Amino acid sequence: MVLVLFFSFLVLLFLGVPVAFSLGISSFIYVLSADIPLIIIPQKMYTGIDSFVLLCIPGFVLAGNLMNRGGITERIIDFSNCLVGHIRGGLGLANIGASMLFAGISGTALADTASIGAIMIPAMEKEGYEVDFSAAVTASSSTVGPIIPPSLPMIIAGTLTGISVSKLFVAGAIPGLLLGIGLMIVSYYISVKRRHPKGTKKSIKEIGKSFYGAFWAILMTVLILVGILGGIFTPTEASAVAVVYALFVGLFIYKELSIKELPEIFVESMVTTASIMILVGFASLFAWIMASEQIPQMVADAMLSISNNKYVILILVNLLLLFVGTFMETISALLILFPVLLKVVVAVGVSPIQFAIIAVLNLVIGLTTPPVGVCLFVASSIGKISLGKISKAILPFLLVSIVVLMLVTFIPQISLFLPNLLYGK
């Protein structure tokens, strides 16, 4: 029966069926084959999405859409450019800096690539940067989004296993900053080597003016983090606060958001949320089948039979997640693999919080690797270049991402220092 489940799932994926429906159809085939009552399908799907924490997904999605449509992206880019635009290859650094700031709004890599890329890739090309380099910088820096809080993948990881989402948000801060700084170093090195242009140094007055423009976006991230860390509100309540804040800023401060646009933004956010929720529901059914067939235990036993050494297990898990990330979307892979692999790493003494950061970082790196790196597709489409060209250009950035991944994997305090400091061990 298990073979029927996995064979049908892989065939459907190969045929190009979306992951959510591949999970659902293969689970349905299994239920029919095993002569299990069909009522189990809605029951397990509902159980999977019946979580208070998951309510923050529509909130953060809507808040991100409101802030993006309210003119926030341009202001973040302008502020980043004012700070680093005068350095050699400054637009590349500004691109990465904007992604780090934008991460506190969107929480998703794809939104980052599409929003920032639409502005920065043409602007960099106009200034004399190679288009493959511009697209590669945009795609690689977008992976910072799901690491720096708020983060949709971390919400999913926390919901699946009962790990505190607040602690996961905090744990992602240092790894996210490390990743952003690492990408900046690579971008600067390549820019110096290729003699990329640099802009004029901005005056204190100009920097102050651009900071005021981006201030409300930065304040949103600070508001969310301080509220969660201070125990003022939960992540779900924080998402509601973020929506109210985004509406206020877009309508009354930036005044680039109109009442007429709101229905379209609400519908767009509902569609995005629905696609995530149906994925969670089908994945919950798929996970229940795997648990009933004791697949997690079999995987754990198989990996632990190879070695009981923590570092060997972590290397094996990293290789598996990097491989899966090359062809499966982040949330889908988390839903299927995270609970299974968590059992393995906890058995060898790895903190669940550290592993959550490792897993998310692994899988977002996959968003920029062929053959199914969705951020690569978006960036190459904006830059109008082939997937082969952007894949070659992104290699140095992928290398530094993997270096940061290894640091997070083998130095637990990188991800555990802040949670331990703020919440205790």
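Please list the three semi-axes, largest first and in whole Å, of the ellipsoid equivalent to region 52-165, using sqrt of 5 times the eigenvalues of its alpha carbon gyration tensor. Working shown, then result.
On the way: eigenvalues 165, 36, 25 Å².
Equivalent ellipsoid semi-axes, largest first: 29, 13, 11 Å.
Over region 34-82, the pair-distance histogram of Cα-Cα distances with 5 Å bins from zero comes to 4, 16, 12, 12, 11, 9, 9, 8, 7, 5, 4, 2, 1 percent, rounded to whole numbers. At 1.4 Å probe size, with no ligands or nucleic acids counted, give the accessible surface of residue 288 in Å², nearest ten. The value for residue 288 is about 70 Å². With one equal scatterer per alpha carbon and no solvent term, the Debye-computed log10 I(q)/I(0) for region 118-164 at 0.24, 0.27 1/Å reads -0.80, -0.90. Cα-Cα pairs above 16 Å in region 8-55: how many percent? More than 16 Å apart: 50 percent of the Cα pairs in region 8-55.
For the chain, the longest principal axis of the C-alpha atoms and the axis of helix 413-423 are separated by about 90°.
The distance between label points at residue 39 and residue 320 comes to 3.5 nm (points 7 Å beyond Cα on the Cα→Cβ vector).
Result for the chain in a Gaussian network model with C-alpha springs under 10 Å: among 259, 394, 155, the largest mean-square fluctuation is at 259.
Restricting everything to alpha-carbon atoms, can you work out Rg to Rh for the chain with a Kirkwood hydrodynamic radius?
Working: Rg = 21.5 Å, Rh = 22.1 Å.
When Rh is taken as the Kirkwood radius, the ratio is 0.97.
Convex hull volume of the Cα atoms of region 257-380, normalised per residue: 128 Å³. Rolling a 1.4 angstrom probe over the chain with all protein chains present gives an accessible area of which 71% lies on carbon and sulfur atoms. Any chance you could look up the accessible area of residue 219 with a 1.4 Å probe, heavy atoms only, rounded to 10 Å²? So the heavy atoms of residue 219 present about 50 Å² to solvent. The candidates 86, 196, arranged from most to least accessible area with a 1.4 Å probe in the full protein assembly, appear as 86, 196. Taking Cα atoms only, the orientation of helix 40-49 departs from the longest principal axis of the chain by about 30 degrees. Per residue, the chain exposes 42 Å² of solvent-accessible protein surface, assessed with a 1.4 angstrom probe and all protein chains in place.
Remark: for residue pairs 126/389; 202/255; 126/384; 126/205; 310/392, the C-alpha separation exceeds 23 Å in 202/255; 126/205; 310/392. The reciprocal of the average 1/r between distinct C-alpha atoms defines the Kirkwood hydrodynamic radius, which for region 344-416 equals 13.6 Å.
Segment residue 126..residue 201, full-extension length gain: 25.1 nm, with 0.36 nm per residue of separation and the alpha-carbon distance subtracted. Counting only protein heavy atoms and using a 1.4 Å probe, the accessible area of residue 127 comes to about 100 Å². For the chain, a Gaussian network of Cα nodes joined below 10 Å ranks 314, 251, 387 by mean-square fluctuation, and the top entry is 251. Between 0 and 90 degrees, the angle of helix 90-106 with respect to the longest Cα principal axis of the chain falls at about 50 degrees.
By the gyration tensor of its Cα atoms, with a ≥ b ≥ c the square roots of the eigenvalues, what is the shape of region 274-340: rounded for a/c under 1.5, prolate for a/b over b/c, or oblate?
On the way: a/c = 3.45, a/b = 1.51, b/c = 2.29.
It comes out oblate by the Cα gyration axes.
With a 1.4 Å probe rolled over the protein heavy atoms of all chains, the accessible area of 346, 144, 400 falls in the order 346, 400, 144, largest first. Placing unit charges on each Cβ (+1 for Lys and Arg, -1 for Asp and Glu) gives region 282-425 a dipole about its Cα centre, and among 387, 358, 321 the Cα reaching farthest toward its positive end belongs to 387.
The values are calculated or read from the model by the stated rules, or taken from the named source; none is laboratory data. Computed from a prediction, not measured in an experiment: that's the story for all the values here. We place every Cβ from the backbone using ideal geometry, glycine too, and count neighbours over all the protein chains shown. Ligands, DNA and RNA are excluded from the accessible area calculation, which covers all protein heavy atoms including side chains. Shrake-Rupley method; radii C 1.70, N 1.55, O 1.52, S 1.80 Å.
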